[in-house]
Structures are given as structure tokens and as C-alpha cells.
Amino acid sequence: MAHICSIITISQTVGANRIVPAVAIPHPLGNPRLPPAEEKELRRNLLKKALAALQTPIEGQTVFS
Amino acid sequence: MSDASRNGKYRIVHYVNQFFGGVGGEEKADCEPFTKQGPQGPGRLLEKRFREGNADVEIVATVVCGDSYFVEHQEDVLRDLIPLIRGYDPDLVVAGPAFNAGRYGMACGGICSSLQSLGIPAITAMFKENPGVDQYRKTVLIVETANNVTGMEEAVRKMVRLGIKRLRGEEIEFPKAEGCFEQGIRKNYFHAEPASGRAIAMLLRKITGDPFETEYPIPFFDRVDPRPAIADLKGITIALVTSGGIVPTGNPDHIESSSASKYGKYSLDGLETLDARTHQSAHGGYDNTYANEDPNRVLPIDEMRVLEKELGFKRHPWYYATVGNGTSVDNARKFAKEIAVELIRDGVQAVILTST
């Protein structure tokens, strides 16, 4: 499992192992200030980072920033 | 207490296992429940200590059951024993002490929990690692004991002190101060000293190395070993789960906006994206404007679909959602367990969890 989340410390406290920092609490995978195409690109990149995290061997909790 | 026609004596029923009931050891653990009049084994010590504590008590009956028999027939045993115990009209029921005997602890906890819910005060005692503690500490006052019978004297002393308070109808506000396991119940009350003063006093104790006690213990969280990396995304099924509260419009399962007691499982079949008409946020812990405008900002279905095609992994046709806002750790753990079992059953190999 990869956890895309806005508050990294909570994710670490509850014990997630593959952690991907998100954009902001009300829009973790988006940014309403960006034009739609750029916002989609941002979302796509976060998802790719999460997919890459799933494919990365780790020893313990790791933040993929 | 009801002391009519009892010569003013408090009536106690004592529950013990086959060993303390004098039947035998492990070889008799399948002994069926039975009752003896008066105290047996540790009951005699209990009665003596109660009287020394100026509580005029009488152990009117001792209920005995084999440890294995109890846990293997718990429902039947409780169905029979609870009315039987009630028939003695007890002012208090004492079970154990069970020390570190797991099945005995489960039995003591089960008996006390059932009686408590009928309004009959019941107490027990166990060692901290007895599985009965985790199972019943929330509903039953459990005195902490040593891990074996050498702690009998101390256990009985603490049980008697607690028992006397319960017989007198005193409310036990701080279980720990009574030598019991905390029940995890939070009560609001006015403290004479404001929080700022208490915090500074606590900090000073910490700095000087004196013992201090937190007013808000942090729950214990599990740790799990990381899963091995996925060698190739091609052909595997990936599921999406969110604590960000994205639900179909109208929130069909009425997931609470805070302190969620449930989660939802929703179809993604045929959906290439989410939008303001199909989905919304049910989360009460953040400004929903952006998530309601475009739910992909929390649950990224649109770009998952694109990446699926590009990278060749498979979509899981369902997503799971709850609201992570003041949600209890117990509930969250329960949701996670159920969701994980289903995902594994359905052949999902990886999950992306999104949180606000």
C-alpha cells in the first residue's frame, strides 16, 4: 500500500510504510489555482510517485517526497 | 444496595474455575458449571478480608466452571449462569482473580460483562497480559494482579477495597487509582487548576526527572513490516481507498461527517472520472468546496484510468471510503481489517490510500 496524504506525521504515527506527501488537506491530489491541464498533470505525477513507491524495496517507513 | 431481609449483610456471588473450585487442574478443564453454597478456595480469603474491611458480607454461593468448558460453550454457559447468579440476588459478583490464566480471564470477563449490562456490579482481577484484559477492560473494572497465584493476597486486598466501594454505590471515576486497568472512558469535569497550570507543573516534573502522569495517553499503534516491492505493474489489480470522505452524491450509506462508525464500498464500473454530479465529500473536517467541485482531487479516478492504460495494470471495480475525522482507532482498525480481507479475497495486489 502507498499512502498519499497531506499530513505526513499522522501517516507515520499510524504506521504507513510507503508515504507520498500530498498537496494540501482540502485537495490532496489537486490544486484549484492551477489551470485544469496543469492540475491533471500534478495529479498524474503524484499517482506515478505512489506507483513508483509500490515498486521500491524498503526496509522501514519511507517518505517518497 | 438492597438489604431487606438479609440481616443487613451484603450478598456476594463468587465465580472461580475448576482449579480454585477444588475440582482439579487442567485435566478437569472441561468440567461443566455447578454451584456450591458458601465460599470456596480464594472465596474464604475474600470473605475474611471484606469483613476485616468492616464490610458485612457473605459469599452466598460459589459458581464453578471448567476453563475449557467455558470458552468452548460461552454462549450456553452464560445463558444458564447469568439467571442462576441473579437468582441469588447478589449485591456484588466477584470473579477470579484469574492472574495470567487466559481462558479463566476470558470467563471472568465474560461473566462480569454480562452482569454489568444487567445493572449488577461485578468485578474481576487479572494480570495485564491476560487476553481477558483487552477483551473486557472497557466494560468491566479489572483489578491488575501479578501473573500468578503468589499475588493472591495483594489481588484480594485490592479487590476488596474496590468491592467495598462498589457495594456502597460509589462511582469509580479513576479506575487506575483503584488499581484497575483504565477503561478508556473520557468524562468532562471542571478541574480546580486550569490546564495551563497543570501543563507547566507537569513540564517542571519532567525537567527535574520526577515521575508525572499524562492526562491524555496516546493510543498504541501497530507496526507492520513493509511489503516487498511489486516487480511489475503489468497485469496486477490496484484498488483505491480513501479516508477523505468521497462518496456517491447523497451519501447513500450516511457516513458520518466526523467520528465515522462505518465505511462505504462503491462501484467504479464504467466510470472514467468523478464529477460534481456523481460524487461529493461527506467529510466534516476540511472545507469541501474543492473536493465537491472536482472529487478527483481527493479520489483520483481520472488519472488512474489514464495510467491504467499506459502502464497496463488492472482497475479494481470498487473503491472504499470513510471519513477520517476524529474516527476512533478502534473503528479505523475494524474498517481496515474488513476492507483488507475483501481486497485480498478479490485478488487485489496493491492499494493506493488517499487522505486529506
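Since every read-out is calculated from the coordinates, none of them should be taken as a lab result. Small disclaimer: the values here were computed from a predicted structure and weren't measured. All Cβ positions, even for glycine, are placed from backbone atoms using ideal geometry, and neighbour counts span all protein chains on display.
Details
- Per-residue average of Cβ from other chains inside 10 Å of B:227-233: 4
- Mean partner shielding of peptide B:300-310, defined as the number of other chain Cβ atoms within 10 Å of each residue Cβ, is 4.
- From the largest down, the protein assembly as shown spans 85, 53, 42 angstrom on the principal axes of its Cα atoms.
- Chain B: most fluctuating residue of B:MET126, B:MET304, B:MET106 per GNM, C-alpha cutoff 10 Å: B:MET304
- Each Lys and Arg contributes +1 and each Asp and Glu -1, all at the Cβ; summed about the Cα centre of the protein assembly as shown, the dipole is approximately 420 debye.
- Taking chain B and dividing mean pair separation by its residue count, relative contact order in percent (alpha carbons under 8 Å, at least six apart): 13 percent
- Loop sites here are GluC sites (Glu not before Pro) outside DSSP states H, G, I, E and B with no more than 13 other Cβ atoms within 10 Å. The longest part of chain B free of them is B:1-128.
- Positive-end residue, the range B:1-149 charge dipole about Cα centroid, Cβ charges, pick of B:GLY8, B:ASN147, B:ILE59: B:GLY8
- Of the cross-linked pairs B:LYS28/B:LYS158; B:LYS128/B:LYS165; B:LYS165/B:LYS262, those separated by over 32 Å at the C-alpha level are B:LYS165/B:LYS262.
- Relative contact order [Cα under 8 Å, 6+ residues apart], chain A, whole percent: 39 percent
- Cleavage-rule hits (chymotrypsin sites (Phe, Trp or Tyr not before Pro)) in the range B:111-207: DSSP loop, at most 15 neighbouring Cβ within 10 angstrom: B:TYR189, B:PHE190
- Extents of the range A:2-63, largest first, come to 38, 23, 10 Å (Cα atoms, principal axes, whole angstrom).
- Separation of the range B:29-86 from the range B:94-146 is 13 Å, based on Cα centroids.
- In this Cβ point-charge picture (+1 for Lys and Arg, -1 for Asp and Glu), the range B:248-356 has a dipole of about 380 debye about its Cα centre.
- Antiparallel bridge percentage (DSSP; both residues within the protein assembly as shown; nearest 5): 25 percent
- Only the Cβ atoms of Lys and Arg (+1) and of Asp and Glu (-1) were treated as charged; on that basis the dipole of the range B:10-178 about its Cα centre amounts to roughly 500 debye.
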